1. Which condition from (1) farther than 22 Å from residue 26 by Cα; (2) among the charged types (D, E, K, R); (3) modelled with pLDDT of 95 or more; (4) buried (at least 17 other Cβ atoms within 10 Å of the Cβ) is the one that residue 74 breaks?
2. Could you tell me whether residue 87 is of a type in the set (A, V, I, L, M, F, W, C) and touching a Lys or Arg at 6+ places or on another chain (Cβ under 9 Å)?
3. Collect the residues in the stretch 107-125 that are out of contact with any Lys or Arg (no Cβ under 8 Å at 6 or more places or on another chain) and either touching a residue at least 60 places away in the same chain (Cβ under 8 Å) or open to solvent by less than 70 Å² (accessible area, probe 1.4 Å) (or both), keeping them in residue-number order.
4. Hey, could you check the stretch 12-43 for residues that are surrounded by 18 or more Cβ atoms within 10 Å (Cβ to Cβ), in a strand (DSSP E or B) and out of contact with any Phe, Trp or Tyr (no Cβ under 8 Å at 6 or more places or on another chain) and say which is modelled with the lowest pLDDT?
5. Of the residues 102, 58, which is without any contact (Cβ under 8 Å) to a residue 12 or more places away in the chain and either farther than 23 Å from residue 35 by Cβ or loosely packed, with under 13 Cβ neighbours inside 10 Å (or both)?
6. For the stretch 77-99, how many residues are open to solvent by less than 40 Å² (accessible area, probe 1.4 Å) and of a type in the set (Gly, Ala, Ser)?
Amino acid sequence: ATANSATGSRVSRPMTRSTVETGSLSKVWILHAVGSEEGNNPLTVIYPTPFTIGRKPGVSLQINSRTVSSQHAEIIIESGRLILRDLGSTNGTYVNGQRIVGSVELFGEEYIQFADAAYRLRCDTPA
């Protein structure tokens, strides 16, 4: 995907499903962009971890929105659990409408916002 700061579209590293399936993960975690401004491919595989989210180039999921901090949040896998951590962002990280402080465990199907950029978390089990 390409960046377009005027529309707030996102840029992420390309990741194929087969790359994830050959790894040691038992689940495939996916962020699904909510909203039409995300373009034709609104799915982003959360891999590898730590998976960083922010505005600056080089993060795992780059969101080109002025409301998103340069290093906004990260997702890690810790003892088999998926953990979302806000990295001191200015405009907050939200899970199901509640601003998080520090870290929270994710279970799947959560609605996640990085400032004003909205995503739905999905969990898929490789075949």
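1. Among (1) farther than 22 Å from residue 26 by Cα; (2) among the charged types (D, E, K, R); (3) modelled with pLDDT of 95 or more; (4) buried (at least 17 other Cβ atoms within 10 Å of the Cβ), residue 74 violates only (1).
2. No; evaluated as a whole, the condition is false for this residue.
3. 113, 114, 115, 116, 118, 119, 120, 121, 122
4. That would be 12.
5. Matching residue, one of 102, 58: 58.
6. Matching residues across the stretch 77-99 total 2.
The values are calculated or read from the model by the stated rules, or taken from the named source; none is laboratory data. Fair warning: this is a prediction, and the values are worked out from it, not measured in the lab. A quick note on method: Cβ atoms are made from the backbone with ideal geometry, for glycine too, and the neighbour counts reach across all protein chains shown. Protein only, heavy atoms only, side chains kept; ligands, DNA and RNA dropped before computing areas. Shrake-Rupley method; radii C 1.70, N 1.55, O 1.52, S 1.80 Å.
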